[in-house]
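Peer 1: Please read through the structure below; I'll follow up with questions.
The values are calculated or read from the model by the stated rules, or taken from the named source; none is laboratory data. Since we're looking at a predicted model, the values are computed, not measured. A quick note on method: Cβ atoms are made from the backbone with ideal geometry, for glycine too, and the neighbour counts reach across all protein chains shown. These area figures cover heavy atoms from the full protein model, side chains too; ligands, DNA and RNA do not enter into them. Shrake-Rupley method; radii C 1.70, N 1.55, O 1.52, S 1.80 Å.
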Amino acid sequence: MINPPLQPRPTIFVVEEDNNARHPLTKNLRQFGFRLLVAASVEDAIEWVSGSAYIHADLLLIDLIDTSPEEALGVGQRLRAEAKYDSQTPLVVMPDTVAKEVEGTDRNVRANDWICYYQDADQLQQLLVRLLRVT
């Protein structure tokens, strides 16, 4: 019997400005089986992708402090362009404050751009798996 080829683990480029949230978020993502590239600020992320070497990521996940979801989407789109990722690379932003009525929901705002109104790790995992089509 021939074994099926191993599927590579998806890589997520995480920009998480909140020092207190970064560790639990990245711990959960690693436990879900994702490979991670983690930047502590937008400036660090832009510096990484502006270098001469290509940095591969299958998805961008952005959580910025004191930034509206729309502003965070703009930052993510800029990062996607600077990194020379195509528009098919999913972008997920997580607002740092969430109204009770939208908590636990995900909103597709355009093509592959999403807002995850984070409630728990299961919700985030389900969205990421769906966007990355992980089996």
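Peer 1: Using a Gaussian network model on the chain with a 10 Å cutoff between Cα atoms, which of 95, 69, 24 fluctuates the most?
Peer 2: Looking only at 95, 69, 24, the biggest GNM fluctuation is shown by 24.
Peer 1: Run the quick spin-label model on residue 30 and residue 68: label points 7 Å from Cα toward the beta carbon, then report their separation in nm to one decimal.
Peer 2: Taking the simple label geometry, residue 30 and residue 68 are separated by 3.6 nm.
Peer 1: Let me have the 222 nm mean residue ellipticity of the chain computed from DSSP H runs of 4+ only, each contributing -39500 (n - 2.57), with the sum over all residues rounded to the nearest 500.
Peer 2: Details: 4 runs with 48 residues, N = 135.
The helix-only estimate for the chain comes to -11000 deg cm²/dmol at 222 nm.
Peer 1: Which parts of segment 32-71 would a label at residue 23 reach, counting a residue when its backbone N lies under 14 Å from a point 7 Å out along Cα-to-Cβ?
Peer 2: Answer for this model: none.
Peer 1: Among 19, 112, 28, whose mean-square fluctuation peaks in a Gaussian network model of the chain (Cα, cutoff 10 Å)?
Peer 2: 19
Peer 1: For segment 18-59, what class follows from the C-alpha gyration tensor (a ≥ b ≥ c being the square roots of its eigenvalues): rounded when a/c is under 1.5, otherwise prolate if a/b is larger than b/c, else oblate?
Peer 2: It comes out oblate by the Cα gyration axes.
Peer 1: Rounded, prolate or oblate for the chain? Axes are the square roots of the Cα gyration tensor eigenvalues, ordered a ≥ b ≥ c, and the cut-off for rounded is a/c under 1.5. Before the final figure, lay out each step's value.
Peer 2: On the way: a/c = 1.56, a/b = 1.17, b/c = 1.34.
Taking the square roots of the gyration eigenvalues as a ≥ b ≥ c, the chain is oblate.
Peer 1: Using a/c under 1.5 as the rounded threshold, could you call segment 49-129 rounded, prolate or oblate? The axes a ≥ b ≥ c are square roots of the C-alpha gyration tensor eigenvalues, and prolate needs a/b larger than b/c, oblate otherwise.
Peer 2: Verdict is prolate for segment 49-129.
Peer 1: Take the chain, connect every pair of alpha-carbon atoms lying under 10 Å apart with a spring to form a Gaussian network, then pick out the residue of 42, 14, 93 with the largest mean-square fluctuation.
Peer 2: In the Gaussian network model the winner is 42.
Peer 1: Over the chain, average the accessible area per residue using a 1.4 Å probe and give it in Å², no decimals. If you can, show how the numbers build up before the last one.
Peer 2: Working: 7950 Å² over 135 residues.
Spelled out: the 1.4 Å probe surface of the chain, per residue, equals 59 Å².
Peer 1: Right, something else. Please compute the contact order of the chain in relative form: average sequence separation of alpha-carbon pairs under 8 Å and at least six residues apart, divided by the residue count, as a percent.
Peer 2: About 21 percent, as a whole number.
Peer 1: Carbon and sulfur atoms: what percent of the 1.4 Å accessible area of the chain do they account for?
Peer 2: Exposed carbon and sulfur together represent 50 percent of the surface.
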